[in-house]
Amino acid sequence: MIDDLPTGLRARHLADEDHLRVLAVLDTWWGGLKGEAGATERALLLPRLYFQHFTTTSFLVERGSGEVAAFLVGFLSQTEPETAYVHFVGVDPALHGQGVGRALYRAFFALARSHGRRYVHCITSPENTASRAFHTRLGFTASAVKPDYDGPGLDRVAFAVDLRHRPFHGADGHPLEG
């Protein structure tokens, strides 16, 4: 499914039973970003419905022991037929810089293309500077901060990439097209 992961990691599609396992890693992986409010916000962003209804467009990466190593929750827009959307991504900080996030996005880009999608969109909080830098390295174009995008006090930065006209290169300089 995703063949360019570091040794010892394997990928599969998300399943309903992965919901609580993924929620359990969020606070640790995000290093307590935005405190208790941030923890609540992250949990509310990943209700079980994503693990029930978007399994074929979402991925889970596990270590050989079965421990969650990374995930990507994405879907094909029902409203915009040329668009796919990455809703939430997480990679164990111990694996940052090893190509895991890049491999997840490469797989999602390939899936989106296979369904005739031209664009991939996503958002992040302005405080998440690591996410902002990562998406920029992947070739996404960032918007200015959008105040109250997800409700009062929930500002966001929106990202978009055109799968047909943009070269995708990771930090290592290799193409990201899958």
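The values are calculated or read from the model by the stated rules, or taken from the named source; none is laboratory data. All values reported here derive from a predicted model rather than from experimental measurement. No Cβ is skipped: glycine too gets one built from the backbone with ideal geometry, and neighbour counts run over all protein chains shown. Accessible surface areas use protein heavy atoms only, side chains included; no ligands, DNA or RNA. Shrake-Rupley method; radii C 1.70, N 1.55, O 1.52, S 1.80 Å.
For segment 131-141, putting each phi into the Karplus relation 6.51 cos²θ - 1.76 cosθ + 1.60 with θ = phi - 60° gives couplings of 5, 4, 5, 4, 5, 5, 4, 6, x, 6, 9 Hz, in residue order, rounded to whole numbers and with x for Gly and Pro. Rounded, prolate or oblate: which fits the chain, taking a ≥ b ≥ c as square roots of the Cα gyration tensor eigenvalues, rounded meaning a/c under 1.5, else prolate when a/b beats b/c? Because its axes are fairly even, with a/c under 1.5, the chain counts as rounded.
Of the GluC sites (Glu not before Pro) found in segment 54-87, those that fall in a DSSP loop while having at most 12 other beta-carbon atoms within 10 Å are E67. Take segment 46-119 with all the other protein chains still there, run a 1.4 Å probe, and you get 41 Å² of accessible area per residue.
Taking only protein heavy atoms and a 1.4 Å probe, the accessible area of the chain is 54% carbon and sulfur.
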